[in-house]
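Asker: Can you keep this structure in mind? I'll have questions shortly.
We did not get these values from a lab; they are worked out from the coordinates using the rules stated. Because the structure is a prediction, the values reported are computed rather than measured. Heads up, the Cβs are rebuilt from the backbone with ideal geometry, glycines too, and the neighbour counts pull from every protein chain shown.
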Ligand SMILES: [Zn+2]
């Protein structure tokens, strides 16, 4: 009796098929509830799968803007908001007015709706042209250790969601400032909810490895009819990057368009959901295999899976859309405009 064996597309080890489990092309936490979801069966071993879960997938779901997206798109119930740490997302108010610019904002669950809430604090006017000082409850509780108050004018404005918050801050502030010999003079309260908010997001190598994994998974999935394609040595650099974080000699993950304060793919203009594609294409004299990935139609990434492909030329030009309107994963022709001509 022979034991059925399979080879892992990440560690390349041959193991009994029973030591493999299902790998979702896009991690399950971003695609739960989607029908015809693309998966890889007997292609990723349980060791690699569990490594990815612990070291890449969870972080993407908890620390990044995509963790927030999955709550907003109801892939995850809003009641689970507490699991979102937002470590790589900095939410702030945006305004030309110095007082109103850059005030930190939290995401909260208000009666089942995701919304922004100001982190309560006070803004103290500084004499001259200098930036106002923001003081939070923690600062007041620490008696303003580390703050230079020599230019304080005494005029103070509050950022608070409720009157209780404001009163608590006021009592605390008055106490501390009186002790320090700087009596305060209330100068108003900012009304929450009227100031635009932006999210500054940061992606690091861990997130890039996750995006590269989606591209590689997708390529492996759509080339399943070409036996051994994903196992070719041409993809060893991509494999090493995804599995071990080893940086290849070439830029493996590049943003498509601008990556900054806002998503490059506005959700109003393009269909909602995730996109992934895979291509074998010529770039000048060399052939390349690459994929493009966008999660929640927000940021787009070009993943260079092989910058100098010298193997057989299989026709690979596939794209899928994880469509949140129909809740299906379906082949997609054309692609969002910014992904089309790249
Ligand atoms: Zn493996």
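Asker: In a solvent-free Debye calculation with one equal scatterer on each Cα, what is log10 I(q)/I(0) for the stretch 165-223 at q = 0.18, 0.27, 0.28 Å⁻¹, listed in the order of the q values?
Answerer: Debye curve over Cα of the stretch 165-223, log10 I(q)/I(0) at q = 0.18, 0.27, 0.28 Å⁻¹: -0.80, -1.07, -1.09.
Asker: By per-residue mean of other Cβ atoms within 10 Å, what is the highest-first order of 32-43, 307-318, 230-241, 288-299?
Answerer: Result, highest mean Cβ count within 10 Å first: 288-299, 230-241, 32-43, 307-318.
Asker: What base-10 log of the normalised intensity I(q)/I(0) is obtained for the chain from the Debye formula, alpha carbons as equal point scatterers, at q = 0.10, 0.11, 0.12 Å⁻¹?
Answerer: Log10 of I(q)/I(0), two decimals: -0.70, -0.79, -0.88.
Asker: Over the stretch 56-129, what is the relative contact order in percent, taking alpha-carbon pairs closer than 8 angstrom and at least six residues apart?
Answerer: 21
Asker: Output the direction-averaged projected area (hull surface divided by four) of the convex hull of the alpha-carbon atoms of the stretch 18-65, in nm².
Answerer: Its Cα hull, projected and averaged over all orientations, spans 3.6 nm².
Asker: Over the stretch 79-201, what is the relative contact order in whole percent, taking alpha-carbon pairs under 8 Å and six or more residues apart?
Answerer: Reported relative contact order: 29 percent.
Asker: Taking the alpha-carbon centroid of each part, what is the distance from the stretch 1-76 to the stretch 194-261 in angstrom?
Answerer: Comparing the Cα centres of the stretch 1-76 and the stretch 194-261, I get a distance of 14 Å.
Asker: From Cα coordinates alone, what are the radius of gyration and Dmax values for the stretch 89-198 in angstrom?
Answerer: Rg, Dmax (Cα atoms, Å): 14.1, 45.
Asker: Is the stretch 273-331 best put as rounded, prolate or oblate by its Cα gyration tensor, with a ≥ b ≥ c the root eigenvalues, rounded for a/c under 1.5, and otherwise prolate when a/b is larger than b/c, oblate when not?
Answerer: Values: a/c = 4.24, a/b = 2.13, b/c = 1.99.
Note, shape of the stretch 273-331 comes out prolate.
Asker: Give the relative contact order (percent, whole number) for the chain; include only Cα pairs under 8 Å separated by 6+ residues.
Answerer: 15
Asker: Something else now. Per DSSP H run of n ≥ 4, the term is -39500 (n - 2.57); total these for the chain, divide by its residue number, and report the mean residue ellipticity at 222 nm rounded to 500 deg cm²/dmol.
Answerer: -6500 deg cm²/dmol
Asker: Can you classify the stretch 1-148 as rounded, prolate or oblate using the Cα gyration tensor, where a ≥ b ≥ c are the square roots of its eigenvalues, rounded means a/c under 1.5, and otherwise it's prolate if a/b beats b/c and oblate if not?
Answerer: Prolate, because a/c is 1.5 or more and a/b exceeds b/c.
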